[in-house]
Amino acid sequence: MKACGVIAEYNPFHNGHSYQLAQARKKTQADAVVVVMSGNYVQRGEVAIIDKWQRAQMALDHGADLVIELPFAVACQPADRFANGALQMLATLKCSYLAFGVEQDNFDYQQFIAQIAPKLQQQKFTIDYSKTYATQWNDFLEAELGQRINQPNQLLALSYALANSQLAEPLTFVPIERIGAEHDALQTTSEKFASATAIRQLLLAGDLTTAQQYLPADLTKLSHHWLSWSDLWPLLHYQLTVNWPESLVDIYQMSEGLEYRFWQQNQNSVSFADFLQKVKSKRYTYARLRRLALYTLLNIRTTEIVAAQKQLPQLRVLGFNKVGQDYLHQVRNQDEIKALTRVTADLGKPDGELGLQVRVDRLVEQLTGHEQNFHQRIIIKR
């Protein structure tokens, strides 16, 4: 069996994602579509609006055969680290293809890598994580190749290309042109397709009737506790109120005195949006600051991320159908890879393989009342 990999967040799963999965299968003629999906927290530094189990179920109901969780240590990272971690997982799963949505599907990624690889080998591009990755990357591309990338999906695709070029057996790229709404578009201009951002706004506003037309799943069957930073802000506000700046220094990616800026601006902030605006500067993107706020809220220390990254790639199975089960069985027999299908007490210990994941998921459990790990069985779609 051959598999096509997809890297996703499905925040939430909408009609555009269903279209992408169908196109991935059609273009590759793959036997199985394997999705590596962010867990309860996403790359832009937010809690997913619906928990990982409901999103995995939606994916399995509408085109995916196997869903693997992208762990927190990878899912909430800048684009390059996000891409590296996700590609490693798909490579471990022996996927032959990587399908992804992009604004222009005729970009020559092989030529791009051929042009950029010598520059990288000469160490002409060294990432400074205290600055915005997107700006550094675009400045480098413009200086070396004379082009600037303005579309976020295209920028992420180039990160995929770099990560893919470093694999022993690179995947074949299958770009799929996005249709309907642009990435992060706030307006709903199509009868069938809308951006995930617009759909989240509809759900949080309680407009389920409008949101439903953009989602293949029946909203009445989903939990209506839509999560957002509105749920998290009181907890972050309290965390920054009771802790002195010095105690925040070891928070992951806390640098250049941001602990003092966070602590000071928190005192007079009335909402998370207000807080973000007050700590924002030209040096940092909103996504970077949201991720840092999430690390602060969850008390994520640098040592924890380093320890978790040493255990990658980590294959936590969220669900499969018969095809996905057969494919996973094939891969496990070939390379004796370790696929985690349940969380044991040892795995969930603070120093266990899933210790960090269990800890960050406890917040979602408290907010929703739904078990996320120990007593949650994987989804088996018949």
> A56 is checked against (1) under 18 Å from L340 (Cβ atoms); (2) open to solvent by less than 10 Å² (accessible area, probe 1.4 Å); (3) in contact with a helix residue (DSSP H, G or I) (Cβ under 9 Å, 6 or more places away or on another chain) and fails just one. What number does that condition carry?
Replying inline: (3)
>> All but one of (1) charged (D, E, K, R); (2) open to solvent by 30 Å² or more (accessible area, probe 1.4 Å); (3) modelled with pLDDT of 95 or more; (4) under 30 Å from G355 (Cα atoms) hold for E259; state the number of the condition that does not hold.
In response: (2)
>> Quick test for you: out of A181, A211, A194, pick the one residue that is modelled with pLDDT under 95, on the phi < 0 side of the Ramachandran plot, assigned to a helix (DSSP H, G or I) and buried (at least 16 other Cβ atoms within 10 Å of the Cβ).
In response: A211
> K27: surrounded by fewer than 23 Cβ atoms within 10 Å (Cβ to Cβ) and on the phi > 0 side of the Ramachandran plot, yes or no?
Replying inline: no
> If you go through segment 132-156 one residue at a time, how many are open to solvent by 30 Å² or more (accessible area, probe 1.4 Å) and outside any helix (DSSP H, G or I)?
Replying inline: 5
> Name the residues in segment 284-341 that are part of a loop (DSSP other than H, G, I, E, B) and of a type outside the set (V, I, T), would you?
Replying inline: L298, N299, K310, Q311, L312, P313, Q314, E336, K338
> Given the conditions (1) under 21 Å from G85 (Cα atoms); (2) not in a loop (DSSP other than H, G, I, E, B); (3) not hydroxyl-bearing (S, T, Y), and given that G352 satisfies all but one, which numbered condition is not satisfied?
Replying inline: (2)
>> On the basis of being open to solvent by 30 Å² or more (accessible area, probe 1.4 Å) and in contact with a strand residue (DSSP E or B) (Cβ under 9 Å, 6 or more places away or on another chain), does E353 make the cut?
In response: yes
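Let's see how each residue does on (1) more than 19 Å from V67 (Cα to Cα); (2) of a type in the set (A, V, I, L, M, F, W, C); (3) at pLDDT 95 or above; (4) open to solvent by 20 Å² or more (accessible area, probe 1.4 Å):
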| position | (1), (2), (3), (4) |
| --- | --- |
| Q314 | no, no, no, no |
| Y327 | no, no, yes, no |
| L347 | yes, yes, no, yes |
| Q357 | no, no, yes, no |
>> Tell me yes or no: at least one residue of segment 366-376 is open to solvent by 60 Å² or more (accessible area, probe 1.4 Å), at pLDDT below 95, in a loop (DSSP other than H, G, I, E, B) and among the aromatic types (F, W, Y).
In response: yes
> Which pairs have Cβ atoms under 9 Å, sit 6 or more apart or on different chains, and link a residue in segment 360-382 that is closer than 24 Å to E304 by Cα to one that is open to solvent by 60 Å² or more (accessible area, probe 1.4 Å) and assigned to a helix (DSSP H, G or I)?
Replying inline: L363/L235; Q372/R362; N373/R362
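The values are calculated or read from the model by the stated rules, or taken from the named source; none is laboratory data. Small disclaimer: the values here were computed from a predicted structure and weren't measured. Positions of Cβ are generated from backbone atoms using ideal geometry, with glycine treated the same way; all protein chains shown enter the neighbour counts. The area values use the complete protein model at the heavy-atom level, side chains included, leaving out ligands, DNA and RNA. Shrake-Rupley method; radii C 1.70, N 1.55, O 1.52, S 1.80 Å.
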